[in-house]
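The values are calculated or read from the model by the stated rules, or taken from the named source; none is laboratory data. Computed from a predicted model, the values in this text were never measured in an experiment. Cβ atoms come from the backbone with ideal geometry, glycine included; neighbour counts cover every protein chain shown. Accessible surface areas use protein heavy atoms only, side chains included; no ligands, DNA or RNA. Shrake-Rupley method; radii C 1.70, N 1.55, O 1.52, S 1.80 Å.
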Amino acid sequence: MKFDNILLEKRAGFAQITINRPKKLNALNKETILELHEAFKSLNDDQEVRAIILTGSGDKAFVAGADISEFADFSSEQGGELARKGQEILFNFVENMSKPVIAAINGYALGGGLELAMACHFRLASTNAKMGLPEVSLGVIPGYGGTQRLPLLVGKGRAMELIATASMIGADDAKAYGLVNHVTAPEELIAATEKIISRIMRNSPMAISAAIRAVNDVYREDKNGFETEITEFGNCFGTEEFIEGTTAFLEKRKANF
Ligand code: CO8
C-alpha cells in the first residue's frame, strides 16, 4: 500500500503510523483521513501486529487539527457530512480497533488532532505538547467526537472550560486532568511508548481485544457493559490462549502468546 500523507512502519510485533504533513503541522485533510483509515484497517487484520503507535512527523505537532482550508466554504450539510464520515471511518474506527492504539502526542494536538488522540485507547505526551479544542474560535464546534470524549476523560467542568475558552493546556496539566497517562522528554516519547507495548505483548491478544470491547461499552447507551463483560469473559474459556495462559501459570512458566 502506498501512502502520500502518512508513514507506516512495522516493527517486531507492533506498528507505528506517523502522520506526515509537517509543513501543515500534520493537519488532517481528506486524503490523510482516508489513508489513516486504510492503514488502521490493514493493521487491524494483521495478526503480527499487537499494538499501534500513532504520532506526528516533525518536532512541532502531533496534529494541529482538521485542515481548515478544506471546509472553510462548506454548507451546513457538507459540514455535517464531513463530521459524520470522519467519525465513522477514522475516529470510531480507531476506538473500536481490536488491539491497543496509543497516541504519542509530540507537539500540538488541537481540534481534530486532539479528537484523534482521544479516540486512541490511551495517550502519552512529550513535555512540549499542547492540547486543546479551539473550534469555537473558528465559529464551529468540535465535530470529530471532541464534545463527547473530552468530558469522559477530564470531567464535564474541565471540558466545558477548555472548549468554551478555546485554550490550550500543556502536558503536565493534561496529565493532572487524566487526558494523558504519562509525560516524557520529546526524545524519549517513542521509547516510552514502546516500553508499554512490550508489556502489552506479554499478554493474550485475544483477551486484550475482548477487554477493549467491554471497556468501550461503558460509553455506549445501546449496550450494557456488564452484559458485554459477562459474554466476553465466557468467550475466553476454551480458547487456545486461555488454555496457554492458565496452563503456564500452573506450570510456573511464562505464557507464550
Ligand atoms: N489546517 C490547515 N492548515 C494548518 C492548520 C490547520 N488546522 N494548522 C496549521 N496549519 C498550517 C498553517 O496554515 C501554516 O501553513 P503555511 O505555512 O502554508 O501558511 C503551517 O501549518 C504552519 O502553521 P503556522 O505558521 O500557523 O505555525 P505557528 O507555529 O505560527 O502556529 C498553531 C501553530 C498555533 C498550531 C497554528 O498553526 C494554529 O492555530 N493552527 C490552527 C489550530 C486550530 O484551530 N485547529 C483546529 C482546527 S478545526 C478542527 O480541527 C475541527 C475538527 C472537527 C471537524 C469536523 C468536520 C468539519
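So the values come out like this:
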item	result
Where K195 falls short, out of the listed (1) closer than 21 Å to L54 by Cα; (2) touching a residue at least 12 places away in the same chain (Cβ under 8 Å)	(2)
Any hit, the stretch 137-149, residues being touching a residue at least 40 places away in the same chain (Cβ under 8 Å), of a type in the set (K, R) and within 21 Å of I52 (Cα to Cα)	no
Answer residue from the stretch 1-19, given it is outside any strand (DSSP E or B) and open to solvent by 50 Å² or more (accessible area, probe 1.4 Å) and is modelled with the lowest pLDDT among those	M1
Pairs with Cβ under 6 Å, 6+ apart, first in the stretch 45-65 and more than 19 Å from H121 (Cβ to Cβ) and within 11 Å of the ligand (Cβ to nearest atom), second open to solvent by 10 Å² or more (accessible area, probe 1.4 Å) and aromatic (F, W, Y)	A61/Y108; A64/Y108
Residue in the stretch 65-76 that is within 18 Å of H182 (Cα to Cα), touching a helix residue (DSSP H, G or I) at 6+ places or on another chain (Cβ under 7 Å) and buried (at least 24 other Cβ atoms within 10 Å of the Cβ) present	no
Residues of the stretch 140-161 that turn out to be outside any helix (DSSP H, G or I) and within 10 Å of the ligand (Cβ to nearest atom), as a count	6
Pair list, Cβ < 6 Å and 6+ apart or interchain, from the stretch 22-43 residues that are acidic (D, E) to residues that are surrounded by 15 or more Cβ atoms within 10 Å (Cβ to Cβ)	E31/N5; E35/F3; E35/N5; E35/I6
Restricting the stretch 124-139 to residues that are open to solvent by 10 Å² or more (accessible area, probe 1.4 Å) and farther than 24 Å from S76 by Cβ, the residue that is farthest from the ligand (Cβ to nearest atom)	T127
Candidate set: the stretch 152-186, residues that are in contact (Cβ under 8 Å) with a residue 40 or more places away in the chain and among the β-branched types (V, I, T); chosen: the one farthest from V215 (Cα to Cα)	T184
Boolean, E229 is at pLDDT 95 or above, within 28 Å of N92 (Cα to Cα), of a type in the set (D, E) and surrounded by 12 or more Cβ atoms within 10 Å (Cβ to Cβ)	yes
Positions within the stretch 96-116 being away from the ligand (no atom under 16 Å from the Cβ) and closer than 15 Å to A39 by Cα, in sequence order	N96, M97, S98, K99, P100, V101, I102
